[in-house]
Every structure is written in structure tokens, then in C-alpha cells.
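Chemist: Encoded as C-alpha cells, here's the structure I'll be asking about.
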Amino acid sequence: MMDKLFEVARRVGEKLKAHGQTVAVAESSGGGLISAALLAVPGASAYFLGGAVVYTHQARGGLVGITDEDMKGLRSSSEPYAALLADRMRANVNATWGLAETGAAGPSGNRYGDPAGHTCIAIAGPKSETLTYRTNSDARYDNMLAFAIKALETLEDGIDAGG
């Protein structure tokens, strides 16, 4: 699966460069794999503006600037939160695209009742989209890879759709 992650990242990097576009990433359950895969592509400095592993309340405020007030009526591991996270990352560094992932890698679910293998992904930019993705697995490492691949595929689809 790691080969697939780097292949999708390579395609995304090429497309971002070809369009003169940039990306900023916020991930939680992906643990930095999305950013690492994008940065593994030679020439990543042309399109990668930054990334953050937003794993805690402290990181959400300190790294992304999302306040408790912003979170009223929202919860982590949800599509509305993923959309806010993607949009805030994009805006904070003036990127073309914001990409966010937030979920429960496993082996158990999260405190919100979502099972292991649950994540929400969002892109914000020329095209915005949110989705919920489930692997139906409690294998933490495999879920992390699957989440990163799905996030990058979602960004690739957005770019391909004319974004």
C-alpha cells in the first residue's frame, strides 16, 4: 500500500505543478503520511506550502487557529469539521487547495462513537468537497495508509474536475 500512496502523491504533485497550484495539509489520523508522501516527490517545494498533524485540541488552536467558538456545534471526525480544517489551512498560508483528514485509525474507535477505520476528508479551493470514508478495519497502520491514499485521491479528483 505504501507504493500506492507514493504513486498517488506523485500524480498529485505533477498536476499541482502543471496547474501552478499549491496545497496545505491538515491531518490527524493520517499522522503526517499525506504530507510525507507529497514531500517525497522531487520538486515538492513548487506546490507544498505546509502541513500539520492536528491531533489534539491544543494543535487545532495553535497550529490552525481554530477556536472553541469556531467549534460550536461541530465535533472532530465529522465532515463539517474536515471542511473547516481544509478551508482554514488553505486560507492561513494562501494555498490554492486545503486538504484535511480527521478520523479514527484504530484499533478502537474514537470518543464520538465512530468506529476504527472511520475518517472524514475535505478539500477546499477551486472545488470543495467533503466525504466520509470507512475501511471496516481496526488495523491502525493499514487505516492510516488508506486514509492518506483516499485524501490524495480526493484532491486529485478535485484538480481533475477543473480546480
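The values are calculated or read from the model by the stated rules, or taken from the named source; none is laboratory data. Note that the structure is a prediction, hence the values are computed from the model and not measured. Note: accessible area is taken over every heavy atom of the protein model, side chains too, but ligands, DNA and RNA are not part of it. Shrake-Rupley method; radii C 1.70, N 1.55, O 1.52, S 1.80 Å.
Chemist: How much accessible area per residue does the chain have, in Å², with a 1.4 Å probe? Walk me through the numbers on the way to the answer.
Modeler: Details: 7130 Å² over 163 residues.
With all protein chains present, the chain gives 44 Å² per residue.
Chemist: While we're looking at this one, here's another question. Where both partners of a DSSP beta bridge lie in the chain, what percent of those bridges are antiparallel, to the nearest 5?
Modeler: The antiparallel fraction comes to roughly 55 percent.
Chemist: When all protein chains stay in place, what accessible area (Å², nearest 10, 1.4 Å probe) is found for LEU49?
Modeler: About 80 Å², ignoring ligands and nucleic acids.
Chemist: Moving on. Binning at 10 angstrom from zero up to the longest distance, how are the C-alpha pair distances of segment 6-85 distributed in percent?
Modeler: For segment 6-85, the pair-distance distribution reads 18, 44, 28, 10, 0.
Chemist: Also, quick follow-up: Regarding segment 79-148, what's the average projected area of the Cα-atom convex hull, expressed in nm²?
Modeler: One quarter of the hull surface, i.e. the mean projection, equals 4.6 nm².
Chemist: In addition: Debye sum, Cα scatterers, the chain, no solvent: what log₁₀ I/I(0) at q = 0.08, 0.14, 0.15, 0.21 1/Å?
Modeler: The computed values of log10 I(q)/I(0) come out as -0.19, -0.61, -0.70, -1.38.
Chemist: Additional query: List every residue whose amide H lies under 5 Å from the amide H of ALA52, counting only residues 5 or more places away in sequence or on a different chain, with H placed 1.01 Å from N in the peptide plane.
Modeler: VAL25, ALA26, GLU27
Chemist: Right, another one. Amide H to amide H under 5 Å from ALA105: which residues, 5+ apart in sequence or cross-chain, H placed 1.01 Å off N in plane?
Modeler: Correct list: GLY117.
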